[in-house]
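The values are calculated or read from the model by the stated rules, or taken from the named source; none is laboratory data. None of these values were measured; they are calculated from a predicted model. Cβ atoms come from the backbone with ideal geometry, glycine included; neighbour counts cover every protein chain shown. Only protein heavy atoms, including side chains, enter the accessible area calculation; ligands, DNA and RNA are left aside. Shrake-Rupley method; radii C 1.70, N 1.55, O 1.52, S 1.80 Å.
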Amino acid sequence: MLPRMPRVAPALVALLLVGAACTSDEPRLTPSSRGAEPFPRGARGYDEADGGRIGRPEPIEEIRGRQHWFYTQRSAPARRVPEGARLAALDAANALPGADLSIGARTGGATTLAAGAGPQWRSLGPRPIDSSDETYNDPVGGTPPLGWHDVSGRLTSVAVHPRDASVAYVGAADGGVWKTTTSGRSWRPIGDHLDSLAIGAIAIAPKRPRVVYVGTGEASTNADAYWGVGIYRTRDGGQTFAKLGGGVFNRATVFQIAVRSFGRQLLVATNRGLYRSNDRGRTWTRVLAPGGEDEFGNFVTDVVLLPNKQVLAAVGWRGGHAANGLYLSNDKGKTFARITPAGFAPQPNVGRVSLAADRGAPGLLYAVVQDAVLFNTPGSPTVLNGVYKTTTGPNGPWSQVATSATFASDENSAMNPLKIGPGFQPGVQAWYDQYVVIDPNDPDHVVVGLEEVYDTDDGGASWDTIARYWNWCLSNAPPNCNLDPDQHPTPHPDQHAAAFGVDGGASKLYIANDGGAWTQVGPDWTNDEWRNRNATLSVTQPYYATASAGPDFTVYAGTQDNGNVKYTGGQRWVEVYGGDGGDVAVEPDEPDHTYEEYVFLTMSKSSDGGRTWTDISPSDSNPRFIAPFDLDPTDDQHLVAVGQEVWESHQGIATESSDWQESYDLGSPRQGTALGVDGATIYVGWCGPCNPTTLDSDAGFASGLVSNVGGTWHEVAGDLPNRYVTSVTIDPNDDEHVFVTLSGFSRRWIPDAGHGHVFESTDGGTTFTDVSRNLPDAPANDSVLDGDRLIVGTDVGVFRQRADGSWKVLGSGMPAVSTLDLFMVPNTDTVLAATHGRGMWTLDLP
């Protein structure tokens, strides 16, 4: 996760990372059951004025915040997203007029391309984001120069050709599969027509490297991870794909795919157990699921193939489970038995586990173990149990060769206590980012990924930091920090995957993290020799986007993990504010007057296009993780924001925190989820209780709409289905004419969820009519009006109303990735779309 800099003082503070797995319900947990993100997120300093919420939140708050915002809005009013629902919606979308590769068509289990029609979507990037542009390096309120320039988005997996390291594949969080034949200097997307672009694992058949397997469903156990729909195989290096296993892997997330030499035998580690195929993926058997009906006992987080018909698998739910541990097969994965080797982590401490084996060095194994006890210990500076090694095979004995303290003792580490602070140590996010890989040219050279990257060249006797979290504070402790990122460039933090290849006899390492891809060639490994490989990757995850009008077309977008970003023409994007970016706004005719949000309605303004920033946060009681705010389209002096309370300012770019006036209190436990503004008229969608997967939702999910249309605040929309309200679009010619979109799935999948995703009212919300008709039954995230026609962004594409009220796919050329936000560029016929994994797109309407 990216840091954000202090707004008042340079004190470094703790903000928390992503939370629970999106693929299943989680046990009832207390605030003490989560770890903390260690770094200043752009980083708002601790300030007594905000009660310490931003500087020092409760551990549960931000960790669960993203799950609440992203996952539970899709599951509500149920506790989980129903299996098969998104895939059925994708099929329905593919049957609509205008469907093309942006939706994809499956025939006989294979995914093919269909003919496109209508206007074309154009990818606007980011490709890439310059995160260290000197113009926007405001260390007080913006983005400090942290040591990396070009970043893309969260990559989750990587696989390298076994004999040609210039050929590699990466998988993105919800951005699909990308291939390079130039060692990462350029990438191209492959498989954009797959049923899911959320990628968990990629594996290459060792003896047949044009055969590549892709497992869908991101497996980082973070809360905005999208679930998967299966395993895919290409036999021609990515030109065509076929789906394997039918619905076996629906709603699964794939941690690892192990492939024997020619690809006949496959083992797939998922959150629902370990699956084996002995016929190249035609049929599958679940061979390891020690948790039985309890899914948390079936999180198989890694699997490795060993000599002598052995297979080693790790079960590792991050919060701890009686089934966690190592499981060994002596018959090529047909059957497994639990082992408890001497020297390995004690069973109660075993959380998520990553494994590495070297078949050229029989008996050599490494394991990274996240600590479940520390994970459930409030205030723990790390959740890493340690790195373990054995040279005698799975039954050990094992020895611990590194701990959090081992890594922190390296002065080269940005997580050294002198630079970050003693409260946050390496492995504090080990449930989210961890891996271990062994150099094929040297079994004594091993690389471990946590928040940073560490390596040993002596089999674990000593360790060096070869990819720091950042280079801010490289030389000094805060507040006297080194601010020269070009002196020592470094990859983006939060490491998710790595793979070695061979380049001219030398080992080449690819790493994948929250900011994209980097490579380095050995045998000498150092922080200063990384090659940035993000120039052509477009896998950013924006939540919201906005644009100015006129000849100076300027776009701002708030992204997950890569800050608030700005587009100023061509393909150039710059990061203007660090950390998680939320909602954004810009004056239509003044692109330098812009507003941004960090999580929980922490807002800032800039009057110079993002060069400098001033905090203007309202004092809200209980905002959502990403809380909506709007700039009135009729008056650029009028700002409206909503958390538990509705806030208004009429000072425009001169707004200060003290200028917000509370207009209405939704009342606890209600929180605003959507906002529509047209002059004095305001509509607010709310939920409360909002989060059916959590402890505080025993009363059941509830949602609704309030408005001041007519002059006084009142409840409206009593006849809307009880699902999460995602947007309110007001007709600019009639403030009683509104459209509301809903997330989730209908009563076909969830009892009591009602039917429909788009509703229209012509009487200010007193009554609503379902106008969904043939729109796919998928979460609807946003809508905009094009004249008298509505355009809706959903989790399976973007759709436009036809003259008869039915729906068609809008445009062609955009993958079937979730579209979270739509925006009509002022004074144009251009629609702007923010997608969850493929960045920004524009389309010129006919």
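Numbers for the structure displayed
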{"item": "Ranked packing of 763-775, 607-619, most packed first, by mean Cβ within 10 Å", "result": "607-619, 763-775"}
{"item": "Residue 812 long-range amide H proximity, modeled H, under 5 Å", "result": "120, 121"}
{"item": "Reach of residue 179 by Cα under 26 Å, taken over lysines that are not fewer than 8 positions away in the same chain", "result": "207, 243, 508"}
{"item": "Kirkwood-based shape ratio for the range 747-846, expressed as Rg/Rh from alpha carbons", "result": "0.97"}
{"item": "Furthest towards positive pole of dipole, 574, 291, 427, structure part the chain, Cβ charges", "result": "291"}
{"item": "Peptide ranges 167-180, 635-648 listed from the most packed, as the mean C-beta count within 10 angstrom indicates", "result": "167-180, 635-648"}
{"item": "Backbone HN-Hα couplings from phi across the range 445-458 [Karplus 6.51/-1.76/1.60, Hz, Gly and Pro as x]", "result": "9, 10, 10, 10, x, 10, 6, 10, 10, 10, 9, 10, 10, 10"}
{"item": "More than 20 angstrom apart: percent of Cα pairs within the range 293-371", "result": "27 percent"}
{"item": "Summed residue charge, Cβ within 13 Å of residue 531's Cβ, Lys/Arg positive, Asp/Glu negative", "result": "-1"}
{"item": "The chain, accessible surface, carbon-and-sulfur percent (1.4 angstrom probe)", "result": "48 percent"}
{"item": "Distant-in-sequence amide H partners of residue 772 (H built 1.01 Å from N, under 5 Å)", "result": "757, 758"}
{"item": "Solvent-accessible surface (1.4 angstrom probe) belonging to residue 577, in square angstrom, nearest 10", "result": "0 Å²"}
{"item": "Rg and Dmax [Cα atoms of the range 626-695; Å; Rg one decimal, Dmax integer]", "result": "12.9, 42"}
{"item": "Rg/Rh for the range 248-338, where both radii come from Cα atoms and Rh is the Kirkwood radius", "result": "0.94"}
{"item": "Electrostatic dipole magnitude of the range 415-464 [Cβ: Lys, Arg +1; Asp, Glu -1; Cα centre; debye, to 20]", "result": "360 debye"}
{"item": "Computed magnitude of the charge dipole of the chain (debye, nearest 20; Cβ of K, R +1, Cβ of D, E -1)", "result": "4960 debye"}
{"item": "Whole-percent pair-distance distribution, where bins are 10 Å wide, for the alpha carbons of the chain", "result": "3, 14, 25, 27, 19, 9, 2, 0"}
{"item": "Distance cut-off 26 Å, percentage of C-alpha pairs in the range 342-461 lying past it", "result": "17 percent"}
{"item": "For residue 322, net neighbour charge (Lys/Arg +1, Asp/Glu -1) across residues whose Cβ lies under 15 Å away", "result": "-1"}
{"item": "In sequence order, calculated HN-Hα J values of the range 307-322 (Karplus, 6.51, -1.76, 1.60; Hz; x Gly/Pro)", "result": "x, 6, 6, 8, 9, 10, 10, 10, 9, x, 5, 4, x, x, 6, 4"}
{"item": "Global geometry of the range 633-773, whether rounded, prolate or oblate, following the gyration tensor of its Cα atoms and the 1.5 cut on a/c", "result": "oblate"}
{"item": "The range 585-713, Rg to Rh (Cα coordinates; Rh as Kirkwood inverse mean 1/r)", "result": "0.99"}
{"item": "The chain - mean residue ellipticity at 222 nm from DSSP helices (-39,500 (n - 2.57) per run, n ≥ 4, rounded to 500)", "result": "-1000 deg cm²/dmol"}
{"item": "Test item: Cα-centred dipole of the range 305-419, Lys/Arg +1 and Asp/Glu -1 on Cβ, debye", "result": "400 debye"}
{"item": "For residue 820, distant residues with modelled amide H under 5 Å away", "result": "834, 835, 836"}
{"item": "Packing-based ranking, highest mean first, of 579-591, 802-814, 190-202, 235-247 given that Cβ atoms within 10 Å are counted", "result": "190-202, 579-591, 802-814, 235-247"}
{"item": "Per residue, in Å², the accessible surface of the range 333-419 once ligands and nucleic acids are set aside, probe 1.4 Å", "result": "37 Å²"}
{"item": "Environment charge of residue 786, counting only residues whose C-beta is closer than 10 Å and scoring Lys/Arg +1, Asp/Glu -1", "result": "0"}
{"item": "Over the range 192-242: Kirkwood hydrodynamic radius from C-alpha pairwise inverse distances, Å", "result": "11.4 Å"}
{"item": "Between the range 722-763 and the range 578-619, the alpha-carbon center distance in angstrom", "result": "28 Å"}
{"item": "Spatially proximal lysines relative to residue 566 (Cα-Cα < 22 Å; intrachain offsets below 8 disregarded)", "result": "605"}
{"item": "Probe 1.4 Å - accessible area at residue 553, Å² to nearest ten", "result": "50 Å²"}
{"item": "Overall dimensions of the range 344-387 as given by Cα atoms, namely Rg and Dmax in Å", "result": "12.6, 42"}
{"item": "Under the Karplus curve 6.51 cos²θ - 1.76 cosθ + 1.60, θ = phi - 60°, whole-Hz ³J(HN,Hα) for the range 659-671, x wherever Gly or Pro sits", "result": "7, 5, 10, 6, 9, 6, 10, 5, x, 5, x, 6, 9"}
